[in-house]
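In what follows, a single structure is set out as structure tokens and then discussed.
The values are calculated or read from the model by the stated rules, or taken from the named source; none is laboratory data. All values reported here derive from a predicted model rather than from experimental measurement. Using ideal geometry, Cβ is built from the backbone for each residue, glycine included, and neighbour counts are taken over all protein chains shown. Please note that ligands, DNA and RNA were not included when accessible areas were found on the heavy atoms of the full protein model with its side chains. Shrake-Rupley method; radii C 1.70, N 1.55, O 1.52, S 1.80 Å.
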Amino acid sequence: MSHNKDIELKPVPTHVAIIMDGNGRWAKSHGLERTVGHVEGVNTVHRITQAASDMGVKYLTLYAFSTENWNRPQEEVDALLNLISIALEQETPALIENNAKLEIIGDIDRMPDDARQRLNRSMEATAHGTGLTVVVAFSYSSRWEITRACAKLAQEAIEGKIKPEEITDEVISQHLTTAPYPDPDLLIRTGGEMRVSNFLLWQIAYSEIIVSPTYWPAYTVEEFQANIDAYRGRERRFGRTSEQVSSDK
Ligand code: IPE
Ligand code: IPE
Ligand code: MG
């Protein structure tokens, strides 16, 4: 697929974002309840986080729960909320051991109080990590965050803190929940759907995209490694020609 004449692989991506999809279908295909798929999906999070840390990835953003997922049956929403907060707590020692840091993007005010408290404890406990940053997207959607950024900018303009002509794409990036992180180099979606489902729409402008047919609970470290290698073989042109990109090296 790559048009790159260089045989040498490019570096590991700095930022990998993952749409962890297919838990329900995985469960169904095994004759199990959807929630069992979510429980199994947590094990995949553990494996892939470890692998990303070992490979030297700096940022791993995981889409755990979208704004639209609030519209699922209440039972499933409750199970997911419960599972996410328990999983974050359970994963904290492993994160600390790996010198990793946990952060959250999304509308966490919608999270139940006890879950939010647990989450805050996990974030505090890992705040000093200097290795991998794991960014969990919870109650997140790109349109939610872009709308919020627009409102903040409008307010700043009213207050005279910013002029319309000062609004650049960097300024917009700085008003998104992802302001501290570079844009994803690689976006992986498991579960085979060819869509973005309201995830990081602004930030993936030039991300490489890989859709894996594997359901998230069945996604392995080997496949993750293969996806990373496929990324490393691609040529990113950012709108320029292949010749321009090659002569830059
Ligand atoms: C992804 O798996 C997990 C969440 C969206 C929370 P799904 O629950 O969407 O599983 P499928 O896509 O129905 O198989
Ligand atoms: C995307 O999966 C959201 C997460 C993985 C958290 P969905 O299952 O919600 O996406 P759609 O509904 O198939 O687009
Ligand atoms: Mg799904």
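Here is how the numbers come out for the structure above:
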| quantity | calculated |
| --- | --- |
| Compactness of the chain, expressed as Rg and Dmax over alpha-carbon positions, Å | 19.0, 59 |
| Over 14 Å [Cα-Cα, the range 54-136], rounded percent | 63 percent |
| Candidates per GluC sites (Glu not before Pro) in the range 167-249, loop by DSSP, up to 16 other Cβ within 10 Å | Glu193, Glu235 |
| Amide H contacts under 5 Å for Phe199, placed H, 5+ residues apart | Ser142 |
| Accessible area per residue, Å², the chain with all protein chains present, probe 1.4 Å | 52 Å² |
| Viscosity 1.567 mPa s, temperature 4 °C, Stokes-Einstein D of the range 94-147 from Kirkwood C-alpha radius, µm²/s | 109 µm²/s |
| Carbon/sulfur fraction of accessible area - the range 83-123, other protein chains in place, 1.4 Å, % | 44 percent |
| Most fluctuating residue given options His46, His175, His30, as computed from a GNM of the chain linking Cα atoms under 10 Å | His30 |
| Lys, Arg +1 and Asp, Glu -1 on Cβ, resulting dipole of the chain about Cα centre, debye, nearest 20 | 360 debye |
| The chain: DSSP helices with Cα axial extent of at least 27 Å and average Kyte-Doolittle hydropathy no lower than 0.0 | 74-97 |
| Accessible surface of the range 17-78 [probe 1.4 Å, protein heavy atoms]: carbon and sulfur percent | 50 percent |
| Global form of the range 105-249, assessed from the alpha-carbon gyration tensor, a/c cut-off 1.5 | oblate |
| The range 56-165: trypsin sites (Lys or Arg not before Pro) in DSSP coil with no more than 15 other Cβ atoms inside 10 Å | Lys161 |
| Ordering of 130-141, 86-97 by burial proxy (mean other Cβ atoms within 10 Å per residue, highest first) | 130-141, 86-97 |
| Estimated dipole of the range 1-89 in Debye, rounded to 20 [Cβ of Lys and Arg +1, of Asp and Glu -1, Cα centre] | 280 debye |
| Extent along principal axes [Cα atoms of the range 109-192; Å; largest to smallest] | 39, 34, 29 |
| Cα-based equivalent ellipsoid of the range 1-89: semi-axis lengths in Å, sorted from largest, via gyration tensor | 31, 15, 13 |
| Of Ile204, Val171, Thr190, farthest towards positive along the dipole that unit charges on Lys, Arg, Asp, Glu beta carbons give the range 153-233 | Thr190 |
| Surface share of carbon and sulfur [accessible, 1.4 angstrom probe, percent] for the range 132-182 | 58 percent |
| Where Rh is the Kirkwood radius over Cα pairs, Rg/Rh for the range 57-99 | 1.08 |
